[in-house]
Amino acid sequence: MTQATQINAQMENNPLEEQGDVGMPAWLEAVFPWSVSVTGHLGLFLVFAFVLYVSVHQAVDDTVPIVIPMFVPDASNLQQVEYKGTGNLESNTAQNLKFTTTDGWAQTESLDNVAGMLSGGPGDYMANMIAVGTDAHVGKGPGGAGNGAGGVLAPYGVPNLGGRIGTKFYGLPSAKKIVYILDHSGSMLDTFDFLRQEAIRAVNAMLPVQSFSVVMFSERESVIFPQLQRATTETKKDFASKLQNFRAQGMNDDLLDPALKAFEAAFAMQPEEICFLTDGRFDPRLIDIVTNRLNKARKVRVNTLAFVINDPTSEDQLKELARKNGGSYKFVSEKDLGK
């Protein structure tokens, strides 16, 4: 018997024993489900804790103080509310003004504009604190804030100016919308330069809420601005430049047309006030035409100024024209020119 035969016979007589199941130990099989469950729940807990921590931390970091910047209006959007009539500026217009401007109330390098908003001069009104009205004391008395007698508190909003603005032309206060009618005839050859300087000074002192125009007349009228112009820095410079083109020349004494055409151009701009300055006489029919035709509704004040030459006839005419149209008369002497 060969060796191979012997081996086969031995294998048949001693078959291999059936091997047992190959798997994880019984203790691991019992523990494994619990360990997976605990591990999964622990992972979920850690994720939840992390999300909660991030949320709380983010909420704390977001509590940064909010800074609200100051609102600076835009000058290009300045809106003016048309004021009709000669009534109280505060009740009719001041409460409706909409300022969206930094085009500045202060357009000069002095305090004249601020003082000019008050009816008195720069030294007549003093305020000890912002909350206290003009000429008021810091006191415990009526309207005061301390131990002494005080004045009344300043009103809210735009001051009550009664339709007039503190800017003055030879002592006469101007309005929110004003037209100057200025004589430049040859009889003013020695004084016209002083008139030009005063006109430029008065216009430069205007506030941006004011509007103005100027009508020059001699033998005929010349309108510097066909419409009322807001008193901006650019307009003031333009006016000063254009006024340099005028000289004292021609004659208009006792004539109607030169002054009448000037008044018609002025009334067409619908101002609140007109200032008429001349050094001579005019046709007396002008008074009736202005009073009963051009200013029939009495919406415009007409101020008159006699310039240097004190002619009795001219003075009577100017006084009557002002009186019938709710204005004031003033004689401008050489002393007023600063000569």
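The values are calculated or read from the model by the stated rules, or taken from the named source; none is laboratory data. Everything numeric in this text was worked out from a predicted model, so none of it was measured. Neighbour counts run over all protein chains shown; Cβ positions are idealised from the backbone, glycine included. Surface areas here come from the heavy atoms of the whole protein model, side chains and all, with no ligands, DNA or RNA. Shrake-Rupley method; radii C 1.70, N 1.55, O 1.52, S 1.80 Å.
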Using the eigenvalues of the Cα gyration tensor, what equivalent ellipsoid semi-axes result for segment 194-339 when each is taken as the square root of five times the eigenvalue, whole Å, largest first? 23, 19, 15
Tell me whether segment 188-279 comes out rounded, prolate or oblate; compute the Cα gyration tensor, take square roots of the eigenvalues as a ≥ b ≥ c, and use a/c under 1.5 as the rounded threshold. oblate
Anisotropy class of segment 215-259 from Cα gyration tensor, a/c 1.5 cut: oblate
Largest first, what is the accessible-area ranking of Arg298, Arg220, Arg285 with a 1.4 Å probe? Arg220, Arg285, Arg298
As a test of reading the structure, rank Asp253, Asp279, Asp288, Asp311 by solvent-accessible area (1.4 Å probe, protein chains only), most first. Asp288, Asp253, Asp311, Asp279
Net lengthening on full extension, Arg220/Gln270 (0.36 nm per residue, minus Cα-Cα): 15.9 nm
I want to check the label-to-label distance for Leu52 and Ser35. Put each point 7 Å from Cα in the C-beta direction and report it in nm to one decimal. 2.8
Relative contact order of segment 183-339, defined on C-alpha pairs under 8 angstrom at six or more residues apart (%): 20
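Report the extension gain between Asp311 and Lys242 in nm, rounded to one decimal, defined as 0.36 nm multiplied by the number of residues separating them, less their alpha carbon distance.
21.8 nm
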For segment 255-311, just the Cα atoms, rotate onto the principal axes and tell me the three extents in Å, largest first. 31, 19, 16
Out-of-range pairs (alpha-carbon distance over 20 Å; input Lys177/Lys299; Lys261/Lys296; Lys168/Lys335; Lys261/Lys330; Lys176/Lys242; Lys296/Lys319): Lys261/Lys330; Lys176/Lys242
Which of Leu305, Val215, Thr235 sits closest to the plus end of the dipole of segment 212-328, meaning its Cα is farthest towards the positive end, when Lys and Arg get +1 and Asp and Glu get -1 on the C-beta? Thr235
Can you give the FRET efficiency to the nearest 0.05 for Ala297 and Asp190, using r as the Cβ-Cβ distance and R₀ = 41 Å? 0.55
Rank these residues by their accessible area, most exposed first, probe 1.4 Å: Lys176, Lys296, Lys330. Lys296, Lys330, Lys176
Long-range amide H contacts for Glu219: which residues qualify at under 5 Å (H placed 1.01 Å from N, peptide plane, sequence gap of 5 or more or a different chain)? Met251
